[in-house]
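This report concerns only the one structure given below.
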Amino acid sequence: MNVLKVSIVTPDGPVYESEVEMVSTKAETGELGILPGHIPFVAPLEIGAVRLKKAGKTEYVAVSGGFLEVRPEKVTILAQSAEIAENIDIARAQAAKARAEQYLEAKRDDIDFKRAQLALRRAMNRIEVYQNR
Ligand code: ATP
């Protein structure tokens, strides 16, 4: 057992499906590196990059939170949104970042502030994943 099936799924449908050698990502408890044969567990995910090691290369997918389900032969990521690096619209992410920064500087009420912080993290994550492609 030296490969791991990986599915990344969003409410809009599947985003990534492949067999990989290793999956790395950020859970709420910290960085995770998952190899084939891992014991089963479920963990909530942060806004971050999923790194998929495959044939000596690393592929990047930006995910905006969700859940990771690990089984010995399969990893399933149920994400609120997910984009493969190649499919990221960088201009859109930069515009979203600028918009969020404006909100944060304007210091409106707490709800707007929290929402803008999350929007900023999503945008910065997309920009970082795009730059790693
Ligand atoms: P925006 O303000 O630009 O809409 P957002 O962070 O609010 O960004 P989400 O609610 O996370 O966007 O995502 C809505 C949908 O748009 C999802 O399907 C997501 O994959 C897609 N999406 C968002 N930003 C981008 C981007 N920069 N490139 C490609 N797809 C994106």
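The values are calculated or read from the model by the stated rules, or taken from the named source; none is laboratory data. Keep in mind it's a predicted model, so treat the numbers as computed, not measured. Note: ideal-geometry Cβ built from the backbone for every residue, glycine included; neighbour counts use all protein chains shown. Areas reflect the complete protein model, heavy atoms only, side chains present, ligands, DNA and RNA absent. Shrake-Rupley method; radii C 1.70, N 1.55, O 1.52, S 1.80 Å.
Observations, loosely collected:
- Any hit, segment 5-24, residues being surrounded by 11 or more Cβ atoms within 10 Å (Cβ to Cβ) and at pLDDT below 95: no
- Taken as a whole, the structure places residue 116 among residues that are within 13 Å of the ligand (Cβ to nearest atom), over 19 Å from residue 8 (Cα atoms) and small (Gly, Ala, Ser).
- Selection status of residue 70, among the β-branched types (Val, Ile, Thr) and either open to solvent by 70 Å² or more (accessible area, probe 1.4 Å) or in contact with a His (Cβ under 9 Å, 6 or more places away or on another chain) (or both): yes
- Every residue from segment 91-129 that is open to solvent by 40 Å² or more (accessible area, probe 1.4 Å) and closer than 18 Å to residue 61 by Cβ: 92, 121, 122, 124, 126, 128
- Filter pass, residue 85 being closer than 14 Å to residue 126 by Cα, out of contact with any strand residue (DSSP E or B) (no Cβ under 8 Å at 6 or more places or on another chain) and aliphatic (A, V, I, L, M): no
- Condition met for residue 98 (within 13 Å of the ligand (Cβ to nearest atom), at pLDDT 95 or above, out of contact with any Ser or Thr (no Cβ under 6 Å at 6 or more places or on another chain) and within 18 Å of residue 122 (Cβ to Cβ)): yes
- Of all residues making up segment 78-95, the number that are of a type in the set (Val, Ile, Thr) and more than 9 Å from the ligand (Cβ to nearest atom): 1
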